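Here the structure is laid out as structure tokens; the discussion comes afterwards.
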Amino acid sequence: MTTPVPGGPAVPPMPERSPKALREAIARHAPHLLTDFDAHWKRDIADAYDLAPVPAFMARWWGEYAIARDPLLEERVHRLEDEAGDATDAVRAKALLEEAGHLRRAARQTEPGR
């Protein structure tokens, strides 16, 4: 099921909050993230004897997927970050990065099913 956005593409809902469900959602709706997701999982989680890194892993990839599943939001965040990288005025660059950061933090707060 996807949620229609007025004037934009349908945005799939967030999955159940588990690594397996998140990976399945990424594979289906944001496959461009899958290689990095899997590499991060294998590097930091798969062979770990300590599950302490799992919440940080989930927070990062939850937010990445929440952005990537919405092409308009993904384009906006990346445009802001690119503009900040190209800015010659430090104040403007900071403002652009703060706006992108705000969008990223908001995306991490998206609840399952939303």
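Details
- Just so you know, in segment 49-72 the residues that are of a type in the set (Phe, Trp, Tyr) and either over 20 Å from residue 107 (Cα atoms) or over 8 Å from the mean Cα position of the chain (by Cα) (or both) include one that is surrounded by the fewest Cβ atoms within 10 Å (Cβ to Cβ), and it is 49.
- For segment 20-40, a residue qualifies if it is surrounded by 15 or more Cβ atoms within 10 Å (Cβ to Cβ) and not basic (Lys, Arg), and the qualifying residues are 22, 25, 26, 29, 30, 33, 37, 40.
- Of the residues making up segment 31-75, those that are over 18 Å from residue 100 (Cβ atoms) and either among the basic types (Lys, Arg) or not in a helix (DSSP H, G or I) (or both) are 42, 43, 45, 46, 47, 48, 49, 50, 51, 52, 53.
- Flag if residue 46 is surrounded by 16 or more Cβ atoms within 10 Å (Cβ to Cβ) and either under 25 Å from residue 9 (Cα atoms) or over 15 Å from the mean Cα position of the chain (by Cα) (or both): no
- Residue 84 surrounded by 16 or more Cβ atoms within 10 Å (Cβ to Cβ) and over 16 Å from the mean Cα position of the chain (by Cα): yes
- Cβ-Cβ under 7 Å pairs, at least 6 apart or on other chains, segment 9-36 side touching a residue at least 12 places away in the same chain (Cβ under 8 Å) and under 19 Å from residue 111 (Cβ atoms), far side of a type in the set (A, V, I, L, M, F, W, C) and loosely packed, with under 13 Cβ neighbours inside 10 Å: 13/1
Each reported figure results from applying straightforward, stated rules to the coordinates on display, with no laboratory input. Computed from a predicted structure; not experimentally measured. Positions of Cβ are generated from backbone atoms using ideal geometry, with glycine treated the same way; all protein chains shown enter the neighbour counts.
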